[in-house]
1. How large a share of the accessible area of region 384-477, in percent, is made up of carbon and sulfur atoms when the probe is 1.4 Å and the other protein chains stay in place?
2. What's the ranking of 81-93, 1137-1149, 215-227 by average number of surrounding C-beta atoms within 10 Å, highest first?
3. For region 752-794, with every protein chain kept in place, what is the accessible area per residue (1.4 Å probe, Å²)?
4. How much accessible area per residue does region 272-327 have, in Å², with a 1.4 Å probe?
5. With a 10 Å radius around each residue's Cβ, average the other Cβ atoms per peptide and rank 494-504, 475-485, highest first.
6. Please list 519-530, 257-268, 42-53, 443-454 highest first by mean number of surrounding beta-carbon atoms within 10 Å per residue.
7. Can you give the relative contact order of region 367-525 as a percent, counting alpha carbon pairs under 8 Å and 6+ residues apart?
8. Label point 7 Å out from Leu239 along Cα-to-Cβ: which residues of region 155-194 have amide N under 11 Å?
Amino acid sequence: METKRFIILILLSHLVLFYSIFDVYFTSPINHGMPVHRSTQSPRAKRLVLFVADGLRADKLFQQLNNTPYLNSIIQNRTSLSGISHTRVPTESRPGHVAIISGFYEDVSAVTRGWKENPVEFDSIFNRSTYTFGFGSPDIVPMFKRGQSYEHFYIECYGADNEEFGNERAHELDLWVERQFENFLLNNTLKNELHKDKIIFFFHLIGIDTNGHSYKPWSNIYMKNIHIVDGIIQRLENLIENYYKYDQKTTYVFTSDHGMTDWGSHGAGDDTETLTPLIIWGSGIRSSRHTDVHIEQADLCPLMSYFLGLDYSINSVGRLPIDYLLPVDEDLLQAYLQNARQLLEQVHKQYDLLKQRLLFFKSYDLNEEKFFKRMETVEGYMNLYQIRDDIKDFMHRVALASHYYHTYRRFLLSILIIVGFLTSICTILYQLNPMKPLSSSIALLCKIISILIFILLIIEQSPWTHLLYPALVCIHIWLSANFAINWIRQKVFSQIKYISFWLNLFMIGIFLQTYILPFFYRWTMSIGVFLLFIDAIRRCQGSLLHDRRRLAYGILLLIILIFPFLPTVGTIKITLSWCTVLSGIITLILHYLYFKSDSQQLYIYYIQRICLILAIIDNYFVHNLSIRSPLIHILSWILLIISCFLPFFSLSIYRLKRLIIIFTSILTIYILLSTQYESLFVLFLCLLMLTWIITYEQQQQQENIRLFTFQSLLFIFLAFFGTGNFASINSFDPSIVYCFLTIFNPFLMGFVIIFKYILPILIVTCATAYIIKNPDMIKNFRLYTLIICDLLALELFFFIKTEGSWLDIGESISRYVILMAMIVILIAFHFLAIIVNLTKSDLSQNNEQNIFARFYSNFVQLYRPVLSKSYSSELNYEQSIEHYRFVFNEKEYSKISEESIIMLNTNIIERTIIYHPTPNFEIIGTRYFYHRNPKENDSIEIELINPIDYIFRNVQKPDHYFYLSSFDSLEYLTEVPIMPYYEVIFNCTSLFSIDKQIRPPLLSYINKNIQWTPRYVLDLSLFNTDKQPTMHAYADIRNHGEQSIVIKEAEFIAGDINLYQRPMEYLRADSSYAKRMYIPESSGGTDNSFIHTLDEQASGTHIYELSLPSSITLIPRSIKSIKFFETNVTIERFLYYSSVFSTVNSHGKLLNSFNLTSHNNFIPNGFLTLHEQGRFIGQIYLPDITQGETYTMKFGYDADVIYRRQVKILEDNKKSKFITYNVEYIFENYKLSHDIHLYFIESFTSLKYFQIKNISISNDNKNLPDLISYGTDLRGYMIIPCQRIPKIISYNLITYKIKSKLYIHEQ
């Protein structure tokens, strides 16, 4: 498959698989059109007051009740219910309020739709009330002003700009709610409405949640806000009681939408997030106080409906907590039964929808008719409590039925997702091993089944998202099913009996588990890092102390393996912001030391240093001095934008410098986003990646792409888990956004948080892209990465739990979501690394890009566009002279024809070629380590001062200068310079075309490292006479050199062309002059054409132009095959028999032969591989075949056709001295349905005087000429019929010993 299409397909596939978790496990339970049921005819209160303290943890309230004296007095002294309300995943504000007010648990995808307004119509107690009065956050309160009515909902909210994180005044928002309600009671025009029955007051208090995010739940500010809320509740209750004259008709409910982790976040299923406080007092609580209440959060909705006598919300799944509403009476049981009817209506609706849509459906047996009959007759019950228990048991069955219908398609969808993963892996494997697989009946069956499932879901009118999964499976099966079946047969079934297969399978499983374990235990990342440390010591060359690169690599591995053992970021209860400042200072120092001697791109270096300094100051002001002004936010955004785009403006020809610029930009951004020790980790990660690059290139060996992929993935997981994360969606510290915003904006905050946690992954991705420069290895690395990640995601998919604690359920889902997100991020980031040119080599001839190539038989002529920035040309505008400089290493130059090096589309004034036996030192100030005595391994750091005369100075002793004549003892810190090398310099003027436009200059030269040979493939269907065979011609291009060449267009030339290369003596560059060749303007570059076109008739050559759909890359020491033409040929098949006359009887088989005629093309000499209906016949070397010429080919013997030869003496006349022989040939064709043509030839060159008489041939010869005597041969064509019908040839041969009269008479 084409690479672009493959990438798009894989990216879309993983997006679908990423979304699948929400489609399978988080689907909306909302249905419409169910009838309503009134809770009770005898309400226990006229009004209800709902307090929701956003983000309040249960333990922080009940374990420190002295902090809330008023709530404590209610619990201790008044008739009340107090205890725990259990929330569910996702523990966010919107789903929590929906559960409290509407009674159902909203799917997680609703969190992404917004907070301020609900896009889905659902019922709530606010809709069922007479009037609702809401006060609080603009993100929560207006959310419920949709539904059946608008007029009865009165709301007052503060501005969204007031929701500011990071200051100690968040409690003022709660005080605003109190003041606003007080003003509302004093100055309102809704007195009549306020005195109606069934009204609700809703107070949303957000201060605790805001301070929890900012200062963490263990802080004094969090506890202080709880104390303030306690006072607000007391004062609000007094206001309401005073307003209603203490009529004892008000019920108060105090709870929270969710809790909060110790690091100030929420969203998953930890106990600190799912356990929220609940206190209910006032009218309706008739029994003594209960202090150990445990109810589900959704149960609050029917409970509040019961207090006010409202209709139950039709979407509610909550059950009335009857165990805490003692004593049990008939009215309470009736309300409980009505609750069961309301739940049953939802089950009926689910049943109707599925029954109407599905072709195959099995209902859930509820036995509801028997239950309601018992309720009507009330027979068999001893007391009311038994009725309560029976209703409770029925409601439990209703809940099971609802879950059964709600998850009815979950099993099928899960199977499709699993198959989607497996087929996606098969497609990746197919891309990794592109071959034409044989068709398989099993593969065909799989295709049919996938299509049938897709059609089934369409007929059942399934949601469009459900259709994505079978469509995904269909696409992948259609692409790779045949390959997968053949691959399993070859790689699995053929090896399954060997113990090595199971051992390899076991080792692969162990490797995969090393990546799975960090999702459960962060510290296990250190095991893999320690193994890398052991490997670094093992690979050390000589003493570890003297192998400085590997020593630094090992030290950094030991440092970085400490981080997975550290506590999660945000859970440390001490200030570690000094780590951020320290990491910034170290980065600034290292940046200055590395680039201080570089005189190019100074503006980029200065901008980066300024950004670093401003980022350090910004972070210090925000996290140490708590200064969070809008000016700091603007500055932070400016630094973020500059740091993101600055690497794209780097024009450095050295990839390592570009990489360090990228790392510096990432560190600048990370300093703005750091709160504790994570910036130190990222700094050490950058240093580790740099030493990894240097040590990896030091190995100077071909990369093992599989081991490299495992190592790279280990670093990627280290980049994620090492910064203090663990595999849960609630492991992110919201305080990291304080440098950018403190106003509540969930989407922008989420973007910044995610951006921070993928930056370390970008660091590893860039380092990986730097190391693997080979395009084929880049492709293989991506594919191996995708395979490993898909296997990990598939394993985590099996780990997803739907039962157990919400902590286990939430974390199992979080792990899968995080891994799937990492897969998409890795794909995107690797392409980003390519954009900033990390996978391209530095300036040299070792990587030719986008060239036009003319391929001759034993060399290639290259035409390469010259870009001034890419090849260091300097344009002198005053003299209109362009200077172009090119560098070739010595080995590369030895395969270049010196006379062929020329610049096209320019007027060449001068060409200079200089040989340099020493390295190409170019940048002044570059530092190296020089070993003065290699045996003792002592070294000094030296700095380049004069690149022409090779003058250096000692860095430790700047006044010590010296001339370096030997470069064998230099240790290169970055990339090894080319040594020795040739330098080719052109001085040219621009050449204008007729339209006065400057054509781009071209560098042209002949390279003998690259050769091509034609190769032909011909598949015969000889017995199908209606089909003319097609010969496919391929060009096998061999690159024997050490450079990669990227070819955009190609032209293949067949024919004999001589190449003469005159030897040339070059002077050393350090001599007084260098050899130059002067070319007059009149003789150089006068042709306006882009590339000369050869004349076939004039040159006697044949040209094949090839327009490539995409560029092809010839990597060093490789063979690339591309298709360059197809031609229809005529193939005539026959059997060939040839022998010299002998008197000995014989038998045997006949030789397969073919006549090949080309009608359209000249066929250059090359190897031809012949197949017949996919079966290999043979291979032969073809000579040059001109158009219309016929060439005979012979391939082995036909096993189905045999012959027998018998020779008899009829007469032996010794007197006349002649002998008469009878020769008989019997040919038999064992083929069942095909006659065979035979070309027969028998030679009599061993006889001096002879005569042939009485030639006879059996059977019909179908108008073919009979055997004839031709000179000393007997030859002719005949047909051998199939089914063993004998073909008999016979003749008499008379031989004479002397030239007798009889012989002369016969002649």
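1. 74
2. 81-93, 215-227, 1137-1149
3. 21
4. Averaged over the residues of region 272-327, the accessible area is 26 Å².
5. 475-485, 494-504
6. Peptide ranking by packing, descending: 257-268, 42-53, 519-530, 443-454.
7. 23
8. 175-187
The values are calculated or read from the model by the stated rules, or taken from the named source; none is laboratory data. No experiment lies behind these values; they were computed from the predicted model shown. Every residue, glycine among them, receives a Cβ derived from its backbone with ideal geometry; neighbour counts consider all protein chains shown. Note: accessible area is taken over every heavy atom of the protein model, side chains too, but ligands, DNA and RNA are not part of it. Shrake-Rupley method; radii C 1.70, N 1.55, O 1.52, S 1.80 Å.
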